[in-house]
Amino acid sequence: QVQLVESGGGLVQPGGSLRLSCAASGSINSINDMDWYCQAPGKQREWVATITRSGSTNYADSIKGRFTISRDNAKNTMYLQMSSLKPDDTAVYYCKALMNPLGTRTWNNYWGQGTQVTVSA
């Protein structure tokens, strides 16, 4: 069974940093685009950043210059380095990946369960 698991969330003071990880596991043939989303209390889930298999990146304007997305294809893992955190960054952060399970010809989007990031003094 293919799954994504996020980790690295927690409580951090404004101006601080966190590094989130998203690990894909199971019978995976290939992973294409990987993304980070966030959902603040009472708000809809929002796109944060995308990284392609080749390493091209794209960011939401709200986090550009403060967050960096990266991935390690050998480990099937994606990261989000978060710096200069603000209280408005408080949210549950989810990863999403377009994956081809082993033995199939299908590509499906898979979501992780989310990790809480709280930015507060």
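If I compute solvent accessible area with a 1.4 Å probe over the protein chains, what percent of it on segment 53-121 is carbon and sulfur?
Result for segment 53-121: 46 percent of the exposed heavy-atom area is carbon or sulfur.
Given segment 46-107, what whole percent of its Cα pairs are spread farther than 20 Å?
Percentage above 20 Å: 34.
Report the FRET efficiency, 1/(1 + (r/R0)^6), for SER25 and ASP61, where r is their Cβ-Cβ distance and R0 is 35 Å, rounded to 0.05.
Given R0 = 35 Å and the Cβ-Cβ separation, E is 0.60.
Work from the charge dipole of the chain (Cβ charges, +1 for Lys and Arg, -1 for Asp and Glu, about the Cα centre) and give the residue of THR104, PHE67, SER84 farthest towards its positive end.
Looking along the dipole axis, the top candidate is THR104.
Would you calculate the separation in nanometres between label points at ARG53 and GLN113, each defined as 7 Å from the Cα along the Cα-to-beta-carbon direction?
2.9 nm
Using Stokes-Einstein with the Kirkwood hydrodynamic radius over Cα pairs, what translational diffusion coefficient do you get for segment 6-96 at 20 °C and a viscosity of 1.002 mPa s, in µm²/s rounded to a whole number?
158 µm²/s
The values are calculated or read from the model by the stated rules, or taken from the named source; none is laboratory data. Note that the structure is predicted; figures quoted are calculated from it, not measured. Cβ atoms come from the backbone with ideal geometry, glycine included; neighbour counts cover every protein chain shown. Areas reflect the complete protein model, heavy atoms only, side chains present, ligands, DNA and RNA absent. Shrake-Rupley method; radii C 1.70, N 1.55, O 1.52, S 1.80 Å.
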